[in-house]
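Structure first, then comments.
The values are calculated or read from the model by the stated rules, or taken from the named source; none is laboratory data. The structure presented is a predicted model; accordingly, all values stated were derived computationally and were not measured. Reconstructed Cβ throughout: ideal geometry from the backbone, glycine too, with neighbour counts over all protein chains shown.
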Amino acid sequence: MHHMTLAEIARGLADKKFSSVELTQTLLARIAQLDPQINSFISLTQDLALSQAKAADERRANGESGALLGAPIAHKDLFCTQGIRTSCGSKMLDNFKAPYDATVVAKLAAAGAVTLGKTNMDEFAMGSANESSWYGAVKNPWNLEHVPGGSSGGSAAAVAARLLPAATATDTGGSIRQPAAFTNLTGLKPTYGRVSRWGMIAYASSLDQGGPLARTAEDCAILLQGMAGFDPNDSTSIDEPVPDYSAGLNGSLQGLRIGVPKEYFSAGLDPRIAELIHNSIKELEKLGAVIKQISLPNMQHAIPAYYVIAPAEASSNLSRFDGVRFGYRCENPENLEDLYKRSRGEGFGSEVQRRIMVGAYALSAGYYDAYYLKAQKIRRLVKNDFMSAFNEVDIILGPTTPNPAWKLGAKSSDPVAAYLEDVYTITANLAGLPGLSMPAGFVDGLPVGVQLLAPYFQEGRLLNVAHQYQLNTDWHTRTPTGF
Ligand code: GLN
């Protein structure tokens with residue numbers, strides 16, 4: 001049962017081949033057996049899962065239907081879940097039980113999805129390797145000595161290991177697409193404002209966006225359908241109708257104009273990945289797509305701009321964790337200042353502290369113009385590059401990452417080396433555009449992703465292209481040995 005996709009589960013439940021309770025029990029047993037190898041969960045919610053599964057079975061027995069009704073999923077542990085620990089991968093929030101459900105959690109629960117647990121993640125979503133979690137590193141099911149990518153590494157590893165069919169994730173600079181690439185999954189970062197951020201613990205508010213991680217584009221369509229939509233509780237949520245993503249999967253790619261930026265194939269890209277990307281381009285050409293070379297001239301400035309803007313917003317967002325209102329508080333503080341200093345010093349890990357310091361510095365009087373303001377100007381240039389590219393093409397295609405998943409610990413002592421791996425993903429966050437990563441082959445037994453970017457609110461186009469590609473390739477069906 002664990003090999004089924006969301007779409008297959010929906011059909012099986014509708015045809016009464018099995019119940020949601022049976023499926024949930026099977027997957028919970030599988031998690032108990034296999035998760036110790038990969039550490040993809042921070043919390044399991046067995047009781048909640050079984051009661052949600054039972055309720056879903058009853059709703060189906062009463063004639064209700066729906067692709068998510070009775071479907072098991074998990075949430076990245078930064079989506080608030082009422083009465084359940086929501087840790088953000090941090091010691092700071094190890095004792096935090098959210099008093100309410102995030103909009104995404106509430107919407108998916110209302111659609112009948114069953115929550116198996118909360119997945120491991122880089123602390124406060126800062127990272128690309130899932131090594132900064134206070135709950136320990138997550139291992140890549142394709143090779144347990146390698147990282148699964150981050151920051152949504154727990155969601156990715158769990159889905160790749162067939163512990164469950166799909167999970168929620170978030171992407172501030174690539175954290176849905178990059179772990180998707182590293183674990184042979186399909187992951188979609190929606191347009192900024194498409195999915196509510198209410199109850200999603202903030203890292204960098206102008207960049208953060210929730211989205212689905214699954215094995216196929218078809219499943220991403222199903223999960224996104226349950227997540228997307230206007231939310232008056234999120235002031236940056238956009239009141240734009242949500243199309244039927246599943247209905248749009250079968251459009252023809254005849255005449256689709258695909259832009260391939262020449263800057264993507266520079267020295268930093270592993271030539272074996274470049275070759276796989278070219279193969280995927282050929283595959284799409286066979287389906288009728290037309291390829292055009294384009295240019296994104298400001299791409300080279302995106303990493304420095306992102307690593308000013310994201311820490312600046314993080315330093316502001318994380319100031320609320322002060323040991324007073326909620327979260328970790330140090331033992332026996334001598335006075336108020338000592339309480340602040342030690343609670344934050346002991347509660348946050350080193351990567352989070354580094355970013356708070358970088359962000360506070362960039363925002364400080366005297367440096368604001370030189371760093372923050374300049375980074376915002378670059379952000380606009382990056383967006384303008386995309387706007388002119390999308391005058392000529394319908395989607396942009398390239399690698400998701402310059403290299404496959406690295407070995408655990410390989411970049412731990414060199415944060416900048418890890419930051420450079422984000423080169424292909426962060427531009428979409430700076431511009432607010434939707435992006436998708438899908439499986440495109442393997443290098444040394446490790447998965448490689450191809451990234452597609454589209455104009456605002458064209459998630460449906462991304463899913464359509466990815467689905468057609470997946471109907472004609474089988475990379476996404478490959479399963480890691482042992483799982
Ligand atoms: N790797 C990037 C960072 O560390 C992106 C993380 C994310 O998307 N949450 O900021």
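Select from the range 304-326 the residues that are touching a residue at least 60 places away in the same chain (Cβ under 8 Å), surrounded by fewer than 18 Cβ atoms within 10 Å (Cβ to Cβ) and within 23 Å of the chain's Cα centre (by Cα) and list them in ascending order.
Selection gives Pro304 alone.
From Arg342, Arg329, which residue is surrounded by fewer than 19 Cβ atoms within 10 Å (Cβ to Cβ) and outside any helix (DSSP H, G or I)?
Only one candidate passes the filter, namely Arg329.
Mind checking which residues of the range 41-74 are in contact with a Gly (Cβ under 8 Å, 6 or more places away or on another chain) and under 25 Å from Ser175 (Cα atoms)?
Phe41, Ile42, Ser43, Leu44, Thr45, Leu68, Ala71, Ala74 - these are the residues of the range 41-74 that are in contact with a Gly (Cβ under 8 Å, 6 or more places away or on another chain) and under 25 Å from Ser175 (Cα atoms).
Do you know which residues across the range 402-429 are farther than 25 Å from Pro141 by Cβ, away from the ligand (no atom under 14 Å from the Cβ) and touching a residue at least 12 places away in the same chain (Cβ under 8 Å)?
Answer for the range 402-429, where residues must be farther than 25 Å from Pro141 by Cβ, away from the ligand (no atom under 14 Å from the Cβ) and touching a residue at least 12 places away in the same chain (Cβ under 8 Å): there is none.
Could you check, for the range 213-227, whether at least one of its residues is surrounded by fewer than 19 Cβ atoms within 10 Å (Cβ to Cβ), at pLDDT 95 or above and among the small types (Gly, Ala, Ser)?
So far as the range 213-227 goes, no, none of its residues is surrounded by fewer than 19 Cβ atoms within 10 Å (Cβ to Cβ), at pLDDT 95 or above and among the small types (Gly, Ala, Ser).
Just wondering, is there one or more residues in the range 452-466 that are in contact with a helix residue (DSSP H, G or I) (Cβ under 6 Å, 6 or more places away or on another chain), crowded, with 24+ Cβ neighbours inside 10 Å, of a type in the set (A, V, I, L, M, F, W, C) and over 17 Å from Gly259 (Cβ atoms)?
yes
Regarding the range 136-144, can at least one residue be identified that is under 20 Å from Ala204 (Cβ atoms), of a type outside the set (Phe, Trp, Tyr) and either at pLDDT below 95 or more than 13 Å from the ligand (Cβ to nearest atom) (or both)?
For the range 136-144, residues under 20 Å from Ala204 (Cβ atoms), of a type outside the set (Phe, Trp, Tyr) and either at pLDDT below 95 or more than 13 Å from the ligand (Cβ to nearest atom) (or both): absent.
Just checking, which of Thr115, Thr119, Thr81 is out of contact with any His (no Cβ under 6 Å at 6 or more places or on another chain), of a type in the set (Val, Ile, Thr) and without any contact (Cβ under 8 Å) to a residue 40 or more places away in the chain?
The match here is Thr81.
Name, by its number, the condition in (1) touching a residue at least 24 places away in the same chain (Cβ under 8 Å); (2) in a helix (DSSP H, G or I) that does not hold for Asn391.
For Asn391, the exception is condition (1).
Give the residues of the range 378-394 that are surrounded by 15 or more Cβ atoms within 10 Å (Cβ to Cβ) and either touching a Gly at 6+ places or on another chain (Cβ under 7 Å) or among the charged types (D, E, K, R) (or both), sorted by residue number.
Selection gives Arg379, Lys383, Asp385, Ala389, Val393, Asp394.
Tell me which residues, restricted to the range 100-123, are of a type in the set (A, V, I, L, M, F, W, C), under 20 Å from Leu44 (Cβ atoms) and part of a loop (DSSP other than H, G, I, E, B).
Listed by number, the residues that qualify are Ala102, Ala113, Met121.
In the range 265-285, which residue that is under 18 Å from Met438 (Cα atoms), out of contact with any helix residue (DSSP H, G or I) (no Cβ under 8 Å at 6 or more places or on another chain) and not hydrophobic (A, V, I, L, M, F, W, C) is surrounded by the fewest Cβ atoms within 10 Å (Cβ to Cβ)?
Top of the filtered list is Lys282.
In this structure, is Gly288 surrounded by 18 or more Cβ atoms within 10 Å (Cβ to Cβ) and in a loop (DSSP other than H, G, I, E, B)?
Judged against the criteria, Gly288 is not a match.
Which number in (1) within 15 Å of the ligand (Cβ to nearest atom); (2) surrounded by fewer than 24 Cβ atoms within 10 Å (Cβ to Cβ); (3) under 18 Å from Leu108 (Cβ atoms) marks the one condition that Ser246 misses?
Status for Ser246: all satisfied but (1).
Considering the range 158-188 alone, what residues qualify as being farther than 25 Å from Ala29 by Cβ, within 13 Å of the ligand (Cβ to nearest atom) and not in a helix (DSSP H, G or I)?
Hits for the range 158-188 are Thr170, Asp171, Thr172, Gly173, Gly174, Ser175, Ile176, Gly187.
Gly199: within 16 Å of the ligand (Cβ to nearest atom) and either more than 27 Å from Leu471 (Cβ to Cβ) or not acidic (Asp, Glu) (or both), yes or no?
No.
Out of the range 145-157, which residues are within 10 Å of the ligand (Cβ to nearest atom) and either surrounded by fewer than 24 Cβ atoms within 10 Å (Cβ to Cβ) or in contact (Cβ under 8 Å) with a residue 60 or more places away in the chain (or both)?
Selection gives Gly149, Ser151, Ser152.
Of all residues in the range 170-193, count the ones that are among the basic types (Lys, Arg) and within 19 Å of Lys139 (Cα to Cα).
Counting residues in the range 170-193 that are among the basic types (Lys, Arg) and within 19 Å of Lys139 (Cα to Cα) gives 1.
Which condition from (1) more than 16 Å from the ligand (Cβ to nearest atom); (2) under 24 Å from Pro148 (Cα atoms); (3) touching a residue at least 12 places away in the same chain (Cβ under 8 Å) is the one that Gln33 breaks?
All conditions pass for Gln33, except number (3).
Just checking, does the range 260-281 include any residue being closer than 30 Å to Val416 by Cβ, over 24 Å from the mean Cα position of the chain (by Cα) and part of a loop (DSSP other than H, G, I, E, B)?
yes
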